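Take a look at the structure below.
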Amino acid sequence: MARWQPDALGRLQQAALTLYGERGFDNTTVAEIAESAGLTKRTFFRYFADKREVLFYGAEELEELFTSEVAAAPESATPLDAVAAALDVVAAGFEERRELAARRQQIIIANPELQERELIKLAKLARAVAGALRDRGVADPAAILTAEAAIAVFRVAFERWVDPANRKGFQRLIRESLKELRAVTAA
């Protein structure tokens, strides 16, 4: 094993996605991921608490980006316009990671435990977005409803984006899903 090679985090993530895809999540161990990445178990645990966290790495950064963009929206923006602007920025950050996102999604779909973890992550994100809306002066229940709607738009667009038959960008799908939400709520 080499003493030092760059991008240990990226190598661990790639190794985990490959092994989860080949063997399944439950049949893959931390030791196998580390070995496949040319690293030690100890190095794995420097980055991740457990093998699930490989799939959810970056959730805190996503939350920070989303909430900071809601906060940065113009004061005159409606709650939905504030989250729409944030969703647009968030989607732009995903564009280069479509293949990895699609692989990750297939692994999560195949495992109920991971599906539960994904829902927990999205619920936490919704709470944070609602908090950012409250900081803008949006009262409940409007802050909660808008945040939950934003997460629904994100989920619908994300699932369409990672579909192998899809040829549209994530930002475009976010905008289309927002347009659908606005149409439904205007009726």
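Out of region 94-122, which residues are of a type in the set (A, V, I, L, M), in a helix (DSSP H, G or I) and touching a residue at least 12 places away in the same chain (Cβ under 8 Å)? Answer for region 94-122, where residues must be of a type in the set (A, V, I, L, M), in a helix (DSSP H, G or I) and touching a residue at least 12 places away in the same chain (Cβ under 8 Å): Leu100, Ala101, Ala102, Ile107, Ile108, Leu114, Leu122. Checked against (1) under 14 Å from the mean Cα position of the chain (by Cα); (2) under 19 Å from Leu122 (Cβ atoms); (3) loosely packed, with under 15 Cβ neighbours inside 10 Å, Ser68 passes all but a single condition, namely (1).
On the basis of being under 30 Å from Glu176 (Cα atoms), out of contact with any strand residue (DSSP E or B) (no Cβ under 6 Å at 6 or more places or on another chain) and at pLDDT 95 or above, does Ser76 make the cut? Criteria met by Ser76.
Residues in region 132-150 that are touching a residue at least 24 places away in the same chain (Cβ under 8 Å), part of a helix (DSSP H, G or I) and either under 24 Å from Ala102 (Cβ atoms) or not polar (S, T, N, Q) (or both): Ala132, Leu133, Asp135, Ala142, Ala143, Ala147, Ala149, Ala150. When Val184, Val153, Val129 are checked against the criterion of being hydrophobic (A, V, I, L, M, F, W, C) and without any contact (Cβ under 8 Å) to a residue 60 or more places away in the chain, Val184 stands alone in meeting it. Selection over region 20-52 of residues that are assigned to a helix (DSSP H, G or I) and either buried (at least 21 other Cβ atoms within 10 Å of the Cβ) or in the same structural domain as Leu122 (by TED's automatic domain parsing) (or both) gives a count of 4. Could you tell me whether any residue of region 166-173 is polar (S, T, N, Q) and either surrounded by fewer than 20 Cβ atoms within 10 Å (Cβ to Cβ) or outside any helix (DSSP H, G or I) (or both)? Yes, because at least one residue in region 166-173 is polar (S, T, N, Q) and either surrounded by fewer than 20 Cβ atoms within 10 Å (Cβ to Cβ) or outside any helix (DSSP H, G or I) (or both).
The values are calculated or read from the model by the stated rules, or taken from the named source; none is laboratory data. Quantities reported herein were computed from a predicted structural model and do not represent experimental measurements. Ideal geometry is used to build each Cβ from the backbone, glycine not excepted, and the neighbour counts take in all protein chains shown.
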